[in-house]
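What follows is a single structure, written as structure tokens, with notes after it.
The values are calculated or read from the model by the stated rules, or taken from the named source; none is laboratory data. Predicted model only: the values in this text are computed from it and were never measured. Cβ placement follows ideal geometry from the backbone for every residue including glycine, while neighbour counts extend to all protein chains displayed.
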Amino acid sequence: MVLYWKRCSICGRYEPIDACSMHPSVNVCPWCCILCSERSNCSKPTWFTEVKVIEAKEVEVKERIEREKRIRTLLEELMSKLE
Ligand SMILES: [Zn+2]
């Protein structure tokens, strides 16, 4: 991947930019790409594609921990009632 240090089409700052995968005529900097409102619909964000994957994994792990916590709390409640 070749990085061009040019003006971002969106924020106008001089940043390393690359063509937006959704709008190839738009050159986007990493910050605008991350903050892009279309990012959730973007199958392949130009910048940090892997961020999406990490987020999805993190959510999955957090949900599992939450679920386990809830089950444990329930079990503890049950156990305390049995005692
Ligand atoms: Zn920008």
* Structure fact -> Scanning the stretch 3-17 for residues that are away from the ligand (no atom under 11 Å from the Cβ) and under 23 Å from Ser43 (Cα atoms) gives Leu3, Tyr4
* What tally of residues in the stretch 34-57 results from selecting those that are surrounded by 15 or more Cβ atoms within 10 Å (Cβ to Cβ) and at pLDDT below 70? -> 1
